[in-house]
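Worksheet: the structure to be examined is printed underneath.
The values are calculated or read from the model by the stated rules, or taken from the named source; none is laboratory data. Treat the numbers as computed from the prediction; the structure is a model and nothing was measured. So basically every Cβ, Gly included, is an ideal-geometry build from the backbone, and we count neighbours across all protein chains shown.
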Amino acid sequence: MKKQKQMIIKSVGEENGVFEGYLSTYGNTDRDGDIINKGAFDNSLAKKTTVPMCFNHDWNKVVGKMELSSDDKGLKAKGTLNLADPEAQNIHNLMKMGALDSMSIGMMVKDYEPIDAKQPYWQWEIKEAEVWEGSIVTIPANEQATIDKVKNAKQAEFNEKKNKLVSQLNELAEKLGGKS
């Protein structure tokens, strides 16, 4: 059964449309009454870690990509908007001004149990799901699934080079008997 879950975007990088956050979090009850268990996306991620980023789950409006990984908190997403696409540019502008601040996961639920057996099609404990796409949408279902890091590609590249250089200097200092 196809199910959609959502997250909030706190902010978006001014350049390059790159952002990070949680597309879904584990263990909390969302506004739909569903709970996604830790590890629910592991099998899906073993097959594919990059999915299309759509607008309002319209598979004909792919506006970028999401790179996914899982940790103890939930399903992490690094989103990159395709700013060469006028629609993605418009979405980016709306995100920067706060008019669009949420995302939603499009997934196929593979294994679940109803939280209330008398209402089997509402309020699920989701044990396994296959991620199909992530979408930028208007209203989030999961209030804990938020963007926590905004990057622009140039700053990310600079930070990566800086960290590598600091690491090399620390190694050299240790070899020379000094402290970093």
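Among the criteria (1) modelled with pLDDT of 85 or more; (2) closer than 27 Å to Ala40 by Cβ; (3) surrounded by 17 or more Cβ atoms within 10 Å (Cβ to Cβ), the one Asp116 does not fulfil is (3). Residues in region 99-139 that are part of a strand (DSSP E or B), of a type in the set (Asp, Glu) and under 24 Å from Phe55 (Cβ atoms) were compared, and the one that is nearest to the chain's Cα centre (by Cα) is Glu133. The C-beta contact set for region 133-148 (first residue crowded, with 19+ Cβ neighbours inside 10 Å and of a type in the set (Asp, Glu), second residue at pLDDT 80 or above and outside any loop (DSSP other than H, G, I, E, B), distance under 6 angstrom, 6+ apart or interchain) comprises Glu133/Val51; Glu133/Pro52; Glu133/Cys54; Glu133/Gly106. Filtering region 86-99 to residues that are surrounded by fewer than 20 Cβ atoms within 10 Å (Cβ to Cβ) and under 17 Å from Phe19 (Cβ atoms) leaves Gln89, Asn90, Asn93, Leu94, Lys96, Met97, Gly98, Ala99. Restricting attention to region 66-79, does a residue exist that is in a loop (DSSP other than H, G, I, E, B) and of a type in the set (Asp, Glu)? Yes, the conditions are met somewhere in region 66-79. Of the numbered criteria (1) within 15 Å of Gly21 (Cβ to Cβ); (2) out of contact with any Lys or Arg (no Cβ under 9 Å at 6 or more places or on another chain), the one Met53 fails is (2). Taken over region 13-51, residues that are loosely packed, with under 15 Cβ neighbours inside 10 Å, part of a strand (DSSP E or B) and at pLDDT below 90 amount to 0.
For region 78-104, name all the residues that are of a type in the set (Val, Ile, Thr) and at pLDDT 90 or above. Answer for region 78-104, where residues must be of a type in the set (Val, Ile, Thr) and at pLDDT 90 or above: just Thr80. When Leu83 is tested against the conditions (1) in contact with a strand residue (DSSP E or B) (Cβ under 8 Å, 6 or more places away or on another chain); (2) in contact (Cβ under 8 Å) with a residue 24 or more places away in the chain; (3) surrounded by 15 or more Cβ atoms within 10 Å (Cβ to Cβ), the lone failure is (1).
Within region 122-153, the set of residues being modelled with pLDDT under 85, of a type in the set (A, V, I, L, M) and under 23 Å from Val18 (Cβ atoms) comprises Val137, Ala145, Ile147, Val150, Ala153.
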